[in-house]
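S.K.: For reference, the structure I am asking about is given below.
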Amino acid sequence: MIKQTLQQIAEIVDGEVLFPEFSDVMISGVTYDSRQVNEGNLYIPFLGERVNGHSFIEDAFRKGAVASFYEESEPAPEKPLPLIRVVDSVFALQALATWYLKTLACKVVAITGNNGKTTTKDITAALLGYKYKTTKTQGNKNSEIGLPYTVLHLPEDTEIAVLEMGTERLGELDTLTKIARPDVAILLNVGDSHLDYLIHLDNAATAKLEIVSNMHEDGIAFYNGDDEYILKHLHDDVRIPTMASFGTNKELDHPFKLLSMTEEGLTLSLDGEEFTLQALGEHNAYNFAAAILTAQHFGLSDDEIREAVSGVDFTKQRQDLKHLDGFSVLDDSYKSNTASLTAALKTLLALPHRHKIVALADFLGAGETEIDKHISMKEYLRPDTVDYVFTTGPLMKHLHETIVGDFAPGHVMHFDDRQEMIEHVTGAVEKGSLVLVKGSRDFHMEDIVEALEKQSITL
């Protein structure tokens, strides 16, 4: 965690201590949420579209902050406070994180992809943590604000930082990698998230490949060699000393084969060695393979990897199989897109439960063909594969209208009211049921999971 005086921070971010009498104030850590201030923090106020963080500076001080950035476009403060005047708080935060990471003797693993970033981060951090002091991105702090925030909270004795990197627009990963300067990059896949900004998959691939743009000269990038858009854009002007592919194609640098998948986990063979992970879904074989390769790169033996994998601490709400009282919930409520929903439905169909219920909300940002992409999920939703399909959202309504005639009355229903949906989902549950819950964050599908967890005690 960063610890510096105001004067030192001002020099790092090319700012100015507004009231020199506070120059020697020492900060410990940073925060950009005035509701989550820790004693000694530097508060970072952002100018948002609806909220101006400068309005909460004094509140942050009352809760324990000892200093704050203060953008030069704001009116002069009414009284002396420990403030650093900066041109832009976001840029200042990024500059501070860039400087701090350079002071640490740690390696950086950067992970990107439309699907699987968080799971791969969790697995990779667990494997590397077997041998090294390892810190990973907490939650989803993987943006132009979240990543520098994560960096500034790295313990000083961190040996390897495993950082998740998200992107919605061209140029974002270039910014993040300038801050983090990865030693290892993992490029998982290119999908249709954020096409409302990126427009088409070619742009999405270009955006993802920015992860190698600012790597250390002796770095290595592991990429999914089965992904057609990665291969299409992996041309000669992608500058990186070492690129290594992984995937199911036997011609790749590191081919793997999924040997088995059960409710207890999956087993794969990578470069001729077998490894088992307690995770669901064929897609997780790619995430696991990338993590294994990274661990091997840092010197872990195959036996050490097999031992370390038992310590994986998965982030919740991502194909989290919850065994409740008499039935199970496949909680994948954190987010959704075409690829992740397809993977979730494949996992649902592969599990042995006799009674299957699906609760789905729209996946957003899928671009101009978003209606067709929602309707395409009908391939996995048939009366011989699932028992109930409950949907919400204007896009999922198109899927509902496509399949409703194939099922018995009342087995496919669409809702505008979340509470009404919750009542029907919980009402459909019986002994032995498996309920998949998935949708984009805007729909708060975790509310359905919480209701099902309460329902379990009555069965």
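S.K.: Restricting to the range 3-87, what percent of DSSP beta bridges are antiparallel, rounded to 5?
M.R.: Percent antiparallel among DSSP bridges in the range 3-87 is about 45.
S.K.: Give a quick list of trypsin sites (Lys or Arg not before Pro) in the range 353-403 that DSSP marks as loop, anything other than H, G, I, E or B, with at most 12 other Cβ atoms within 10 Å.
M.R.: Those satisfying the criteria are R354.
S.K.: Would you please give the residues with an amide H less than 5 Å from that of V412, counting only those at least 5 places away or on a separate chain, with H modeled from the backbone geometry?
M.R.: V389
S.K.: Please report S269, S433 as a ranked list, fewest other C-beta atoms within 10 angstrom at the top and most at the bottom.
M.R.: Placing the least packed residue first, the sequence is S269, S433.
S.K.: Another one. Amide H to amide H under 5 Å from L364: which residues, 5+ apart in sequence or cross-chain, H placed 1.01 Å off N in plane?
M.R.: Result for L364 returns S336, S440.
S.K.: Averaging sequence separations of C-alpha pairs under 8 Å and six or more residues apart, then dividing by the length of the range 3-87, give the relative contact order as a whole percent.
M.R.: The value is 31 percent.
S.K.: Hey, can you grab everything whose amide H is under 5 Å from the amide H of E16? Only 5+ residues off in sequence or another chain; H modelled, so Pro and N-termini drop out.
M.R.: R85
S.K.: For the range 320-458, compute Rh as the Kirkwood radius over C-alpha pairs and then the Stokes-Einstein diffusion coefficient at 20 °C and 1.002 mPa s; write the answer in µm²/s, rounded to an integer.
M.R.: Rounded, D is 146 µm²/s.
S.K.: Net charge within 12 Å of D271 by Cβ-Cβ distance, Lys/Arg positive one each and Asp/Glu negative one each, not counting D271 itself?
M.R.: In short, -2.
S.K.: Now for a separate question. Can you figure out the FRET efficiency of L170 with L104, using R₀ = 22 Å and their beta-carbon distance, to the nearest 0.05?
M.R.: That gives a FRET efficiency of 0.15.
S.K.: Oh, and also: Which lysines, on any chain, are close to K208 with Cα under 23 Å apart, when same-chain ones fewer than 8 places away are left out?
M.R.: Partners found: K107, K117, K121, K136, K141, K178, K232, K335, K373.
S.K.: Under a plain spin-label model, where a point goes 7 Å from the Cα along Cα-to-Cβ, how far apart in nm are N249 and K3?
M.R.: Output for this residue pair reads 5.1 nm.
S.K.: Moving on. Which whole-angstrom value gives the distance between the alpha carbon centres of the range 82-150 and the range 1-62?
M.R.: 19 Å
S.K.: Estimate the FRET efficiency between E21 and N140 by the formula 1/(1 + (r/R0)^6), using the beta-carbon distance for r and 45 Å for R0, to the nearest 0.05.
M.R.: About 0.70, to the nearest 0.05.
S.K.: Among bridges DSSP assigns within the chain, what percent are antiparallel (round to 5)?
M.R.: DSSP beta bridges in the chain are roughly 30 percent antiparallel.
S.K.: Please give me, ordered by residue number, the GluC sites (Glu not before Pro) of the range 347-455 that lie in loop per DSSP and have at most 14 other Cβ atoms within 10 Å.
M.R.: Answer in residue order: E368, E430.
S.K.: Of all trypsin sites (Lys or Arg not before Pro) in the range 5-80, which ones are in loop regions per DSSP and have a Cβ with at most 12 other Cβ atoms within 10 Å?
M.R.: Passing sites in the range 5-80 are R50.
Each reported figure results from applying straightforward, stated rules to the coordinates on display, with no laboratory input. Not measured: the values here are computed from a predicted model. Note that each Cβ is placed from the backbone with ideal geometry, even for glycine, and that neighbours are counted across all protein chains shown.
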